[in-house]
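For reference, the structure discussed in these notes is given below.
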Amino acid sequence: MTIQWFPGHMTRARRQIQDKLKLIDLAIELLDARIPLSSRNPMIDEILMNKPRLVLLNKSDLADPEITRQWVAYFAEQGLKALPIDAAQGNPSKEILNRSRELLSDKIEAQLRKGIKPRAIRALIVGIPNVGKSTLINKMAGRKIAATGDRPGVTKGQQWIKVGTEMELLDTPGILWPKFEDQRVGMRLAATGAIKEEILHPEEIALFAMRYIAKKYGDSLKERFGIAEVPQDTEDNEKVVQLIEDIGRKRGALMSGGRVDLEKASLTILRELRAGKLGRVSLEDPAMLAAEAEEAVPQG
Ligand code: G4P
């Protein structure tokens, strides 16, 4: 899916989610475990207002488990419970239900004290395109849910999907937009495949991703591609391009004359990265983002 957002879209998306808030007890914010902040909507706190919220770090099967742990701690510091999940292969329904119950325990206990039997917890899944919303809804529903869409002329009441007897999900997730203004965010979204590379050049995306991957996962690269050297100084673009060329040569991404076809080499790297073939790789960690945020503060 290509992401193309305009201010009008954003206002509409925001309004659609806010209209649904009154129907639910809990918002489930779905993020990509490999890039939790880059896959996050910059206005999420305002959009969800004070709704109780569970953060899910999806695609954790592809992310570095140690960095995922750092992210869980990061969210905990902000008072948010974050749960790593793998919606594609796993079935996280039970854990999601348990965490949701914990988050709403005050409300549930108050109802029990009054002798009211608590009804099923009602939740809305929100997240940017490609983060895994439909996969998760289908998994929790235990069947494939047809996307209702919001085509003009099709008036359809809000549908609730039962997850066992204790939870109900709204059938259409809330679609959010990522933080486009920051180019690094765009690069990370492109590297994970959340946005298609037609918008950006594969060479640029691979170069950007490799600056991080070479530093953090040098040994995996050596092993996977059979290369002897992986640069540690990844601030130096030339060294990183050299690495991409080395990989390209190993993969036979050559042009006539024997020179490495950089575009082909970049596409190979991105394809293998997205498929998890470079190992479990995250593309951002809390310490790095803190450093980037500091850099962004104007000096003087
Ligand atoms: P969306 O509704 O938020 O737009 O996302 P969707 O569920 O369509 O998922 C986007 C892609 O991410 C899908 O792959 C899906 O299989 C994959 N995905 C979702 N959850 C996980 C997960 O936990 N781990 C991994 N590894 N992948 C996940 P696709 O290639 O676009 O489609 P398909 O090959 O599954 O048909």
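Would you confirm, using the coordinates I've provided, whether residue 165 is under 27 Å from residue 53 (Cα atoms), touching a residue at least 40 places away in the same chain (Cβ under 8 Å) and in a loop (DSSP other than H, G, I, E, B)? Criteria met by residue 165.
For segment 134-143, the criterion of being more than 9 Å from the ligand (Cβ to nearest atom), surrounded by 14 or more Cβ atoms within 10 Å (Cβ to Cβ) and over 16 Å from the mean Cα position of the chain (by Cα) is met by at least one residue. Residues in segment 39-49: is at least one modelled with pLDDT of 95 or more and under 11 Å from residue 123 (Cα atoms)? Within segment 39-49, none of the residues are modelled with pLDDT of 95 or more and under 11 Å from residue 123 (Cα atoms).
Conditions (1) in contact with a helix residue (DSSP H, G or I) (Cβ under 9 Å, 6 or more places away or on another chain); (2) surrounded by 17 or more Cβ atoms within 10 Å (Cβ to Cβ); (3) not hydrophobic (A, V, I, L, M, F, W, C), marked per residue:
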| residue | (1), (2), (3) |
| --- | --- |
| 14 | yes, yes, yes |
| 21 | yes, no, no |
| 38 | yes, yes, yes |
| 43 | yes, no, no |
| 54 | yes, yes, no |
| 62 | yes, yes, no |
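The number of residues in segment 39-73 that are more than 15 Å from the ligand (Cβ to nearest atom), touching a residue at least 24 places away in the same chain (Cβ under 8 Å) and either in a loop (DSSP other than H, G, I, E, B) or within 19 Å of residue 160 (Cβ to Cβ) (or both) comes to 6. Tallying residues that are assigned to a helix (DSSP H, G or I) and either within 11 Å of the ligand (Cβ to nearest atom) or over 22 Å from residue 37 (Cα atoms) (or both) within segment 78-99 yields 5. Confirm whether residue 36 is assigned to a loop (DSSP other than H, G, I, E, B), closer than 23 Å to residue 284 by Cα and within 16 Å of the ligand (Cβ to nearest atom). Yes; evaluated as a whole, the condition is true for this residue.
Filter segment 107-133 for residues that are of a type in the set (A, V, I, L, M) and within 16 Å of the ligand (Cβ to nearest atom); which is nearest to residue 35 (Cα to Cα)? The extreme case among them is 131.
Residue-wise test of (1) more than 16 Å from the ligand (Cβ to nearest atom); (2) modelled with pLDDT of 95 or more; (3) farther than 30 Å from residue 158 by Cβ; (4) in the same structural domain as residue 24 (by TED's automatic domain parsing).
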position: 179; (1), (2), (3), (4): yes, no, no, no
position: 194; (1), (2), (3), (4): no, no, no, no
position: 208; (1), (2), (3), (4): yes, yes, yes, no
position: 214; (1), (2), (3), (4): yes, yes, yes, no
position: 236; (1), (2), (3), (4): yes, no, yes, no
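Taken over segment 79-111, the criterion of being surrounded by 18 or more Cβ atoms within 10 Å (Cβ to Cβ) and of a type in the set (Lys, Arg) is satisfied by 99 alone.
The number of residues in segment 188-213 that are of a type in the set (A, V, I, L, M, F, W, C), buried (at least 20 other Cβ atoms within 10 Å of the Cβ) and farther than 30 Å from residue 26 by Cβ comes to 9. Tallying residues that are β-branched (Val, Ile, Thr), more than 16 Å from the ligand (Cβ to nearest atom) and closer than 21 Å to residue 132 by Cβ within segment 1-33 yields 1.
The values are calculated or read from the model by the stated rules, or taken from the named source; none is laboratory data. Small disclaimer: the values here were computed from a predicted structure and weren't measured. As a convention, Cβ positions derive from the backbone with ideal geometry for all residues, glycine included, and neighbour counts pool all protein chains shown.
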